[in-house]
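Read the figures in this text as sums done on the coordinates, not as results from a lab. Just so you know, these numbers come straight off a predicted model, no measurement behind them. Cβ atoms come from the backbone with ideal geometry, glycine included; neighbour counts cover every protein chain shown.
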Amino acid sequence: MHIILQPLIQAGKEGTEITGGDGKVCHIYPTLACYVADYLEQCLVTCAKYGTCPRCLSSKLGDRGPGPQRTQHATLGTIQNASNSATSSNHFQQLCRKDLISGGVRHPFWDGFPFCNIHISIMPDILHQLYQGVIKHMVDWCSSLMDNAELDHQVHALPPCFGLHHFKGGWSRLSQISGKEWKDMARILLGCLVGNVPGEVLICYRALLDFIYIVQYPTHDDDSLQHLEDALDLFHSHKHIFLELGIREHFNIPKFHSMVHYVESIRYFGTTDNYNTEMFEHFHIDMAKEGWRALNFRNEVPQMTKWLSRQEKVCSFQSYLKDFISEEDESINELSSIASHSEAGLVISQ
C-alpha cells in the first residue's frame, strides 16, 4: 500500500493537474479520504488493537455512545514513543497495547499523507458488519431462545411469498451462508419469532432490523438519520433482556459498536452504498468464480487469464457499439428536427 499510494503524498502537498473531458485543466489536491475493508484489515490499517474500535478509544464497546476520537497524530506518537523506549519486539507491543495500539506495525503506509486521518477514513461495512455480523449474532441467539428443531419448524411454516426465499429445510442445516442468504434470513427473521420469544426480545430485534434497513437508504436527511439514532436508542434501552436470559454476558462486540459511527460517516461521506464491500466482493463472481466454472480445471491460470481477456474485449466492443448506435440516433434525430423546422418555416412563408 505504501508503494501504491506513494504518489499521493507529493500530489496532496503540491497538487497536480488533470484534464477533463471538456478539455479544461483542473488543479487538484488528492488525498486518502475513505478506506473500505473488513474488521481485520481495519485494525491492521489503523494499527488498532484487535477487539477495539478502529475509529475511537472506547473502553466499553457495549456502551451506547462512542469513545474519544482516535487521531492519526496520537497513533503515530504512541508508535514512535514505544519504538524509542522498547528494548525488544515484545516490549514494543506491550507499550503500544497500553494505548489500544496493536504494536504489529512500526511504519504505517499512511504516515506523511497530507489532510488525512486514517481513523475517520475507515468506512462502515453493510456486508461484514451488519449482515455477517449483527444478523449472524441475532440468528445465533435464536438457538438460545428456542431449540433448532422449533426454529426450523417456524421457518418452514412461513408461507411462500414473492420476493422472499423459502427455506424448506430450515436454517440449522446451512453450513456456508452467503451474503444473499443472510439478507433472505433477515427478511423473515422477525416473523419466525413472534409468539415464541419475550416481548422485549422482539423490540430489540425490530430495532436492529430497522437500523439495518434505514441505513441502506439511497438518500438521507436529518429525519432519516434521526430514525437511525432512535432505533439504536431503542435497542440499547432493552438489550438488558439478553443479559437477564443468560444469552449474553456482555455486548463488547466490535461489529455492534460500529453502528454508533454510521450517522457520523453518512454525514461526512454520504450514503453507505458508496463504500459497501458487497460491490467489491461481487467482483469475485465475475472475475474468479465465473472464470473457474468455464475451465476444464487443469492448468487454471493461463485459461482464466485468456477467458478474462476475451470477456474484457467483448465488453469493450459492446460499449463501442452502444456509443456508435447512440451517436447515429442523435444524428438522425438532428436531421429529423432540421427537416421538421424547415417544413414548418415553408408553411409559414406560404
Exercise. Quick one: which residues, 5 or more positions from residue 48 or on another chain, have an amide H under 5 Å from its amide H? H modelled 1.01 Å from N in the peptide plane, none for Pro or chain starts.
Key: 102
Quiz prompt | Only Lys, Arg (+1) and Asp, Glu (-1) charged, at Cβ; the chain dipole about Cα centre in debye | solution = 1560
Quiz prompt | In segment 257-317, chymotrypsin sites (Phe, Trp or Tyr not before Pro) in a DSSP loop with at most 14 other beta-carbon atoms within 10 Å | solution = 297
Practice problem: Going by C-beta contacts inside 10 Å, put 263, 314 in order with the fewest on the left. | Solution: 314, 263
Practice problem: Using θ = phi - 60° and the Karplus relation 6.51 cos²θ - 1.76 cosθ + 1.60, list the HN-Hα couplings for segment 162-168 in order, rounded to whole Hz, with x at every Gly or Pro. | Solution: 4, x, 10, 7, 9, 7, 5
Quiz item: Based on the Cα gyration tensor of segment 126-279, what are the three equivalent ellipsoid semi-axes, each the root of five times an eigenvalue, rounded to whole Å and given largest first?
Solution: 26, 19, 14
Practice problem: Determine the calculated [θ] at 222 nm for the chain from helices alone, applying -39500 (n - 2.57) to every DSSP H run no shorter than 4 residues and normalising by the residue count; nearest 500 deg cm²/dmol. | Solution: -17000 deg cm²/dmol
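Of the chymotrypsin sites (Phe, Trp or Tyr not before Pro) in segment 152-229, which ones lie in a loop per DSSP and count no more than 12 other C-beta atoms within 10 Å? Intermediate values should be presented prior to the final figure.
Values: sites: 162, 167, 171, 182, 205, 211, 213; in loops: 162, 167, 171.
Of the chymotrypsin sites (Phe, Trp or Tyr not before Pro), the ones in loops of segment 152-229 whose Cβ has at most 12 other Cβ atoms within 10 Å are 162.
Rounding to the nearest 20 debye, state how big the charge dipole of segment 282-333 is about its Cα centre with +1 on each Lys and Arg Cβ and -1 on each Asp and Glu Cβ. Provide the component values of the computation, followed by the final result.
Numbers: 7 positive and 9 negative charges, 126 e Å.
Using only the charged Cβ atoms, the result is roughly 600 debye.
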Self-check item: Among 14, 181, 41, residue whose mean-square fluctuation peaks in a GNM of the chain (springs only between Cα atoms under 10 Å)
Solution: 14
Self-check item: Of 27, 189, 218, farthest towards positive along the dipole that unit charges on Lys, Arg, Asp, Glu beta carbons give the chain
Solution: 189
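Give the order of 219, 52 when sorted by the count of other beta carbons within 10 angstrom, beginning with the fewest.
Working: 219 7, 52 23.
Arranged by neighbour count, lowest to highest, 219, 52 become 219, 52.
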Quiz prompt | Sites matching trypsin sites (Lys or Arg not before Pro) across segment 73-174 that sit in DSSP coil, with at most 16 neighbouring C-beta atoms within 10 Å | solution = 98, 106, 168, 173
Practice problem: Run through all the Cα pairs of segment 228-337 and give the fraction in each 5 Å bin from 0, expressed as whole percent. | Solution: 2, 9, 9, 10, 9, 8, 9, 9, 11, 9, 7, 4, 2, 1, 1, 0
Self-check item: Of 223, 22, 147, the one that fluctuates the most in a GNM where the chain has Cα springs shorter than 10 Å
Solution: 22
Self-check item: HN-Hα J in Hz across segment 111-125 - Karplus 6.51, -1.76, 1.60, θ = phi - 60°, x for Gly and Pro
Solution: 5, x, 6, x, 6, 10, 10, 4, 6, 6, 6, 6, 9, x, 9
Practice problem: When a/c is below 1.5 the answer is rounded, else prolate if a/b is larger than b/c, else oblate, so apply that to segment 13-136 with a ≥ b ≥ c taken from the square roots of the Cα gyration tensor eigenvalues. | Solution: oblate
Quiz item: Amide H to amide H, which residues 5 or more places from residue 122 or on other chains are under 5 Å from it, using H placed in the peptide plane?
Solution: 35
Quiz item: Which entries of 24/322; 13/98; 49/239 show an alpha-carbon separation above 31 angstrom in the structure shown?
Solution: 13/98
Self-check item: Phi-based couplings in Hz for segment 52-68 (Karplus 6.51, -1.76, 1.60; Gly and Pro marked x)
Solution: 10, 8, x, 9, 9, 9, 5, 7, 10, 5, x, 6, 5, x, x, x, x
